[in-house]
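Reviewing the structure listed below.
The values are calculated or read from the model by the stated rules, or taken from the named source; none is laboratory data. Please read these numbers as outputs of a predicted model, since none were measured by experiment. With ideal geometry, Cβ positions are generated from the backbone for all residues, glycine too; neighbour counts draw on all protein chains shown.
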Amino acid sequence: MSDLNAYEIVVGLEVHAQLLTKSKLFCGDSTAYGAEPNTHISPITLGHPGTLPKMNKKAIEFAVKIGLACQCEIEKHNYFARKNYFYPDLPKGYQISQHTTPICKGGAVKIKTASGERNIRLNRIHMEEDAGKSLHEVDPDNSCIDYNRAGTPLLEIVTEPDIRSADEAFTFITEVRKLVRYLEICDGNMEEGSLRCDANISVRPKGDTKLGTKVEVKNLNSIRNVKRAIEFESKRLIDLLEKGETIVQQTRSFDANSGTTFSIRDKEDADDYRYFADPDLTPFQLDDVFIETIRKTLPALQQERIFKYVKEYQLSEYDAQVLTEEKEFSDYFEKIISFLPSPQTGEVQGLSKAAANWLLGPVKSWLNENNKEINDFPIAPEQMVRLIKLVSDNKVSFTAASTKLFAHLLKQPSADPGQIALQHDLIQQSDSAIIEPVIDKVLEKYADKVMEYKKGKKGLLSLFIGEVMKQSKGQADPKITNEILLKKLKS
């Protein structure tokens, strides 16, 4: 049995993010997902003789955008190289990629795990084109090739070998996915292949500083599979060392069904790709004005929003964290805030907490139950504000609003929540002259419990309040009910 604790896992990740450009990196072919095979292609995508590539400016902007967000150094003098290798889904026989001059150098992504918070250093972020896709299930005797994806712009985000566990890798990919979605440069959909990951894994005895022989596990298509692949492969490598066997540098793949890896080929070195500057693409220069223009488009990222929500809206760190996990969800919350009274009134803090409670409670429950995203939520932010105000103004109880009024509003998203409350007798009764007779009936009905309360069983108060709410069909104002009950029970 191998002593896993005697070894240190060393992992570097290469994350490929497919950019949300409308056209490919070097031609005008569409990048839309899901089209019939080989319908988004042209002579340029297929590398026909005499065709010339032309650079996609939007891809450059997206690359600079993530570089700035990760505190990278932006390379001003850029060019592309040809990475030569032969594979059926590579129509030109080479891939156009940045090799000598990655557009972003250095930088880091901050992660937070159970062991604490730290930065995972980046080696580089560079642009390259994607390959096509081999389809092995279409024909029982042949592999078929779909070139729709060939030429799609990618960013390759390469870390230093800073990751020390499968959990850290899981967290890093989660943070990168969140980052590209916040920046709106990639949809982060791993199931559709728009975010893929290769993991370079090695192990060494604890205390050693020299890196061990690495293996690369290719094309991991879910965050969970990244974690599983690293867990399996690191144990396999440790077992080899414990048996005194030699680790071979190679490329492997991950079988998600069995949770195991298997060898594809011996690992190539950079020399095997015979890189050279692409003669058909001129170098391009970036100036400070261009870079600063992009810097101004950077949105407030998660940590900045968390700080704002805690400081300005007095939300808990946990609530702020959950609200900002997805940019669209956070944007919806901020739209609600924009319809609230100005922060100077002080009222905004209470309403912000109420808005957070609604989003993290009834709204999130509805999204989970219906497997929907916030962009599919039918109730507009300004309608949610009207609903929240009905509760904060004590016109409708939260219970009635969340269980009844909310359901009606989901069916009639454009209707006035106040009118719906009137139509369904949900308006809360605040008139003590109306509430008091109901309380008297309840106390008379539970005369024996009243005696027990007066002898010290104060927990019975909730029984009385519940019965009043039941008798009034949920329309009695709980605050006024509580005040009247306490006064009567003292007498």
Residues of the stretch 126-138 satisfying the condition of being modelled with pLDDT of 95 or more and part of a strand (DSSP E or B)
His126, Met127, Glu128, Glu129
The correct count of residues that are in a loop (DSSP other than H, G, I, E, B), of a type outside the set (Gly, Ala, Ser) and surrounded by 12 or more Cβ atoms within 10 Å (Cβ to Cβ) in the stretch 139-152 is 4
Do we find a residue being crowded, with 19+ Cβ neighbours inside 10 Å, among the β-branched types (Val, Ile, Thr) and assigned by TED's automatic domain parsing to the domain that holds Phe26 anywhere in the stretch 257-274?
yes
Considering only residues that are touching a residue at least 12 places away in the same chain (Cβ under 8 Å) and surrounded by fewer than 17 Cβ atoms within 10 Å (Cβ to Cβ), which ones fall in the stretch 309-321?
Glu312, Gln314
Taking Asp198, is it among the acidic types (Asp, Glu), touching a helix residue (DSSP H, G or I) at 6+ places or on another chain (Cβ under 9 Å) and either touching a residue at least 12 places away in the same chain (Cβ under 8 Å) or buried (at least 16 other Cβ atoms within 10 Å of the Cβ) (or both)?
no
So which residues in the stretch 94-121 are under 22 Å from the mean Cα position of the chain (by Cα) and not basic (Lys, Arg), if there are any at all?
Gly107, Ala108, Val109, Ile111, Thr113, Ala114, Ser115, Gly116, Glu117, Asn119, Ile120
From the option list Gln423, Gln349, single residue qualifying as touching a His at 6+ places or on another chain (Cβ under 9 Å) and of a type in the set (S, T, N, Q) is Gln423
Residue list for the stretch 211-244, filter: outside any helix (DSSP H, G or I) and in contact with a strand residue (DSSP E or B) (Cβ under 7 Å, 6 or more places away or on another chain):
Leu211, Gly212, Thr213, Lys214, Val215, Glu216, Val217, Lys218, Asn219, Leu220, Asn221
Pull up the stretch 284-330, narrow it to residues that are among the hydroxyl-bearing types (Ser, Thr, Tyr) and part of a helix (DSSP H, G or I), then point me to the one that is farthest from the chain's Cα centre (by Cα).
Thr293
